[in-house]
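One structure is given below, encoded as structure tokens.
The values are calculated or read from the model by the stated rules, or taken from the named source; none is laboratory data. Bear in mind the structure is a predicted one, so any value in this text is a computation, not a measurement. So basically every Cβ, Gly included, is an ideal-geometry build from the backbone, and we count neighbours across all protein chains shown. Ligands, DNA and RNA are stripped out before the accessible areas are found, and what is left, the full protein with its side chains, is counted by its heavy atoms. Shrake-Rupley method; radii C 1.70, N 1.55, O 1.52, S 1.80 Å.
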Amino acid sequence: MTKLILLRHGESVWNKLNLFTGWVDISLSSKGIEEALVAGDLLANIAFDAIYVSALIRAQLTAMLVMSRTKTGKVACMMHDEDPQYGSMSKIHDTHTLATIIPVYAHAELNERMYGNLQGLNKQATLEKYGETQFKLWRRSFRGVPPEGESLEMTAARTIPFFKKNILPRLEKGETILISAHGNSLRAIVMFLENLSEEAVVSLEIPTGKALCYHLESGFWKKQTLLG
């Protein structure tokens, strides 16, 4: 059965410090590492055909920690198809070894919402400085744009087309895919899968390190409970 696993990265150091992160390439906290390993135990028996991650280290590291727990005998391998020289130099020349590889593709289209001039600012201090109305418009609305940043609508405008072009066709062929990404890029994908309204998607909570599982049934995406 086709499976799509959506996984928000484990807690980052800036999540812990309550800072706007966006595209700043911050790594995982010790708690985030543990969250990724727990998710890996939950997903250990799933044989993924491919893994997609954002261009940011917290999503990539989460995926690799998840795969460190796999019981499938497969190995996650970063692909570098966009770099012809690197791609040719990293070619695997043994067919048996090649069969054990799960390709991992990194794309900025799956990056977190870019928070512009808010990146690096403390969220509580920003709330106190600008007030609750402005803060909510920037952080928890569909069209609100932080200064020099992206709205959730703009994030969805890059994430959903990428998903539909690159990942959806593989799922429709029956493949099982893991996407390790971010709260807002994953909100956009869930919005597409569940046909959510703008109001529903901004209130959707996707905790760090928690996997969402979907399967395709009669042309519709259905949530599935993951049992550890």
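Quick notes
- Percent of Cα pairs in the range 109-228 per distance bin of 10 Å, from zero to the largest separation: 12, 41, 31, 13, 3, 0.
- Listed peptides 2-11, 26-35 appear in the order 2-11, 26-35 once ranked by packing, highest mean of other Cβ atoms within 10 Å at the front.
- Of 3/123; 74/210; 16/164; 165/222; 136/222, pairs whose Cα-Cα distance is over 27 Å: 3/123; 16/164; 136/222
- The share of accessible area on the chain that comes from carbon and sulfur is 54 percent, using a 1.4 angstrom probe.
- Kirkwood Rh, Cα atoms: Rg over Rh of the range 28-86: 1.01
- Nearest 10 degrees, 0 to 90: helix 152-162 Cα axis against the chain principal axis: 20
- Cα long-axis angle, helix 183-194 against the chain (0 to 90 degrees, to the nearest 10): 70
- Counting only residues at least eight positions apart within a chain, or on another chain, the aspartates and glutamates with an alpha carbon under 17 Å from that of residue 173 are 49, 217.
- Efficiency of FRET from Cβ geometry, residue 57 and residue 88, R₀ 30 Å, rounded to 0.05: 0.75
- Mean residue ellipticity (222 nm) of the chain, computed from DSSP H runs ≥ 4 via -39,500 (n - 2.57), nearest 500: -10000 deg cm²/dmol
- Most mobile listed residue (184, 195, 111) in the chain, GNM with C-alpha springs under 10 Å: 195
- Annotation: extensible slack from residue 124 through residue 44 equals 25.1 nm (criterion: 0.36 nm per residue apart, minus Cα-Cα distance).
- Between residue 194 and residue 170, full extension at 0.36 nm per residue minus the direct alpha carbon distance yields a gain of 6.8 nm.
- Each Lys and Arg Cβ is given +1 and each Asp and Glu Cβ -1; about its Cα centre, the chain then shows a dipole of about 320 debye.
- Entry comment: accessible area of the chain is 50 Å² per residue, from protein heavy atoms only and a probe of 1.4 Å.
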